[in-house]
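These notes concern the structure reproduced below.
Bear in mind these aren't lab numbers, they're just calculated from the coordinates by the rules spelled out. Please read all numbers here as calculations on a predicted model, not as lab measurements. Virtual Cβ from ideal backbone geometry, glycine too; neighbours counted across all protein chains shown.
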Amino acid sequence: MRLALYQPDIPQNTGTILRLAACLDVAVDIVEPCGFPLDDRRMRRAGMDYMDNARLVRHPNWEAFRTKTPGRVILMTTKAATPLTDFRFDENDTIVMGRESAGVPDQIHNDADARILIPMAVGRRSLNVAAAAAIALGEGLRQTGGYPPIPGKENERDD
């Protein structure tokens, strides 16, 4: 499982997502252009020392990303009809998060293999992109057994 950020524009959210991915041993794809330099100090502050453990792959545009991405591309969007709770993830899926300010263009919606949303209370517009990424990735890893092993419990089973 992977996370992908489509043209992120808030460095603190990107840093938080890179920290999340480093802690869960998940690679992150960034589809450029970004709305900030990738060495932005605000991004590094949010990602802290975890940034050095992040597996980051940069792509100059959506086409380059799609060419190199194995498995399905799953778009998180408030415009989807399928709730996260009804979706079945595969271990080779890449979860795509849109721009904080504008989401993704229609071309990306149409190109995604699936579009899913996180159920929210009536009248609420959207979650912070880092919070949404954590919820989606957590569910995907739970379904596919992709969480990293707990040190000292690698060989234990719940039978």
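The stretch between ASP9 and THR82 holds 23.7 nm of extra length on full extension. This uses 0.36 nm per residue minus the Cα-Cα distance.
Each Lys or Arg adds one and each Asp or Glu takes one away; over the other residues whose Cβ falls under 14 Å from the Cβ of SER101, this sums to 0. Its DSSP H runs of at least 4 residues, each contributing -39,500 (n - 2.57), put the calculated 222 nm mean residue ellipticity of the chain at -9000 deg cm²/dmol, to the nearest 500.
When the chain is treated as a GNM with alpha-carbon contacts under 10 Å, the residue of VAL129, VAL57, VAL31 showing the greatest mean-square fluctuation is VAL57. Scanning the chain for trypsin sites (Lys or Arg not before Pro) lying in DSSP loops with no more than 12 further Cβ atoms inside 10 Å, the longest uninterrupted stretch between such sites is 1-78. Of the GluC sites (Glu not before Pro) in the range 1-103, the ones in a loop by DSSP (not H, G, I, E or B) with at most 13 other beta carbons within 10 Å are GLU91.
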